[in-house]
Amino acid sequence: MRLGIRFRLGILLAAFGVLATGLTGLYSYTQSRELLVRAAERDLMTSTQVFGRRLSTAISSVSDDVRMLTELELTRSLAKGDGAAQEMRKAALADAFHAVLRANPDYFQVRFISAQDHGLEVVRVDRDGPGTVRVADDLLQEKAHFPYVFRALSLRTGEVFLSKMGINHEVGSHAALNQPTLYVSSPVPGAQSAAAGLIVVSVDVNRVFGALKADLPSHLRLFLTNEWGDFLIHPDPTQAFGFDQGRRVLIQESFAAVEPLLHDSQQPLLARADFGQAEPDPVLGAFIKLPLGRQADSSAGKLGTVAAAPEGGRGRFLILGVAQPLSQILASTHILGRTTIQIVLAFSAIAIVLAMFAARLVTRPLNQMTREVKRFSSDQAVGELPTARHDEIGELARGFDEMQTRIRSAMAELDASRNRLAHMARHDALTGLPNRSVFLDRLEHAILSTRRNGGCLAVLFIDLDRFKHINDSHGHAVGDLALVETAALLKAAVREVDTVARWGGDEFVILLEAMDEEHEARRVAETLLDRFSRPMPVGELMLDLGASIGISLYPRDAFDAPELIQRADEAMYLAKHRDGNRYSVFGTEMGPESVK
């Protein structure tokens, strides 16, 4: 079977249409998907950092409560006193502990522990169900062997110890028993400033993190580990505190990319985890390191007020992470993919239909086109082609016109972009003034013009006298505003034909063209000095900048651009050495060492 040109042309056009539509759809989908993933990564990192700050605030609040209890007169009198009044003090302190527990549902226990009698509890109030209970004296226990006791007793007054988060196995701890607990303690001073006891608050870790997680979207997952990588908080509770059950569940085994944070790295990072059959949906998480340090370090972003020394040669810190299933991140891309496929299919169908029509109709005008080609070959005459007809050939002609318009528009945008880039390459980004290369170019052209036409020109080299002081006193932002205002002042003081450029730092240069006499340059310098002598408004400030100006003239002082600028620079330094806020003309005011 012989296939005709109509069929082959139709297949070819349809294939081109489907391919172009498919490639365009694939590119659009790929780029849009990448943008969505990057936005999700930024959101995850922001959520992690905000959660870290909230956790730091929560721990600091507990530390403040502990310090407050140690500073109560009732606590200190109980630590130093004895006798029958002690029982009254104990009852009053227990009432205060009850009030603290009622005001803070995140607390399991509040205790006053003596530094004597092997760390015997003196007053202890526990949370028990919905209420609180004071533990009877005969049930009080010795706690000197716990780190939150013997480490806290070695602290100075006002310092706070944070224990490691772990499962509470202390017998008789009521609601805290077998629950993840954080102990926060601080010494109570006794006689001769030695610690007579300490206040200990047991914090319900699950409740603290539950309250903090309440504001997180439900699809986000929270992870927290100690400095060894053991999970303390995990979406699967069976994976948390594995070390308490004789096994290690480490974050580096799930999120391998987090390994640097467990060593020396402080840089927040993103990591992906695949939990296998237990959870087939991989997750993407953002992780940060929260160092534990003294209160003096809290301004540096450290968590809490820990005074414990590093253990095992490793500093104390936590790893906090917020993760999101990749299926959630990519959910929007799935919708985008379906929409893209629908668009591609629709345009592919249109392309196929148009290809069939084009193949059928293109063959009709072939004879006419053949005749016109022959006539052109014989008579060199250009005949009229059927561009005005409402058929595929007319569509093609109009399509070319539309394509030409779009290309012209694209070229115009390209030229505009090229012009913007050219402007950026030749102008200072801060002030918008011409930069050094533009100034040198204009100066060389001006020298050539002056050499042909006669006359003279001047270069003014301007240095701001007190810019460094303003930068140091008010900051670089104010300094930048001062440079912008200076640029506007200089442009306003000269003619449109003159050139004002930023030479670098706080130095500016001015090219005065087509001058007849030296006094014209002096008049411009005097005008500038008058304006610089007045305070310059910069934002809400009034700044006294001052300026030193050096003037050189062509052809009197130099015959080329670099030498002319060097002469103006030398004159400027003479003016600056004379206490600034003045101008100096090279050769006439340089003194006995002037160069002419």
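The values are calculated or read from the model by the stated rules, or taken from the named source; none is laboratory data. Treat the numbers as computed from the prediction; the structure is a model and nothing was measured. Methodologically, a virtual Cβ is constructed for each residue, glycine included, from the backbone with ideal geometry; neighbour enumeration extends over all protein chains shown. Just the protein is used for accessible areas: all its heavy atoms, side chains included, with ligands, DNA and RNA removed. Shrake-Rupley method; radii C 1.70, N 1.55, O 1.52, S 1.80 Å.
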task = Would you please name the residue that is farthest from Val135 (Cα to Cα), looking only at residues in region 81-95 that are open to solvent by less than 30 Å² (accessible area, probe 1.4 Å) and in a helix (DSSP H, G or I)?
result = Gln86
ask   = Quick check, is Leu19 open to solvent by 40 Å² or more (accessible area, probe 1.4 Å), farther than 17 Å from Gln324 by Cβ and either touching a helix residue (DSSP H, G or I) at 6+ places or on another chain (Cβ under 7 Å) or assigned to a helix (DSSP H, G or I) (or both)?
value = yes
task = Being in contact with a Pro (Cβ under 8 Å, 6 or more places away or on another chain) and open to solvent by less than 20 Å² (accessible area, probe 1.4 Å) is the filter here, so list the residues in region 197-215 that pass it.
result = Gly197, Leu198, Val205
ask   = Tyr554 is checked against (1) surrounded by 14 or more Cβ atoms within 10 Å (Cβ to Cβ); (2) modelled with pLDDT of 90 or more; (3) out of contact with any Cys (no Cβ under 9 Å at 6 or more places or on another chain) and fails just one. What number does that condition carry?
value = (3)
ask   = Within the bounds of region 553-561, is there any residue that is closer than 18 Å to Arg582 by Cα, touching a residue at least 60 places away in the same chain (Cβ under 8 Å) and more than 33 Å from the chain's Cα centre (by Cα)?
value = yes
key: Asp236 more than 30 Å from Gly158 (Cβ to Cβ) and buried (at least 17 other Cβ atoms within 10 Å of the Cβ)   = no
ask   = Out of region 528-546, which residues are open to solvent by 10 Å² or more (accessible area, probe 1.4 Å), over 14 Å from Ala477 (Cα atoms) and in contact with a helix residue (DSSP H, G or I) (Cβ under 7 Å, 6 or more places away or on another chain)?
value = Arg531, Met536
inquiry  = Given the criterion farther than 19 Å from Val123 by Cα, open to solvent by less than 30 Å² (accessible area, probe 1.4 Å) and part of a helix (DSSP H, G or I), identify the matching residue among Leu44, Leu78, Leu69.
reply    = Leu44
task = Go through region 138-155 and give me each residue that's exposed (fewer than 15 other Cβ atoms within 10 Å of the Cβ) and either polar (S, T, N, Q) or at pLDDT below 90 (or both).
result = Ser154
task = Kindly provide the set of residues from region 342-361 that are in contact with a helix residue (DSSP H, G or I) (Cβ under 7 Å, 6 or more places away or on another chain) and more than 19 Å from Phe7 (Cβ to Cβ), ordered by number.
result = Ile343, Val344, Phe347
key: Residue, modelled with the lowest pLDDT, within region 274-332, restricted to residues that are of a type in the set (Val, Ile, Thr) and in contact with a helix residue (DSSP H, G or I) (Cβ under 8 Å, 6 or more places away or on another chain)   = Thr305
task = Exactly one condition in (1) at pLDDT 90 or above; (2) open to solvent by 30 Å² or more (accessible area, probe 1.4 Å) is not met by Asp230; state its number.
result = (2)
task = Just need a number here: residues in region 517-552 that are out of contact with any Leu (no Cβ under 6 Å at 6 or more places or on another chain), hydrophobic (A, V, I, L, M, F, W, C) and not in a helix (DSSP H, G or I).
result = 3
inquiry  = Looking at region 535-551, I want the residues that are among the charged types (D, E, K, R) and have a partner that is modelled with pLDDT of 90 or more with Cβ atoms under 6 Å, at least 6 apart or on another chain. Which pairs are those?
reply    = Asp544/Pro535
remark   = Subset of region 123-150, residues among the acidic types (Asp, Glu) and assigned to a strand (DSSP E or B), comes to Asp126, Asp128, Glu142
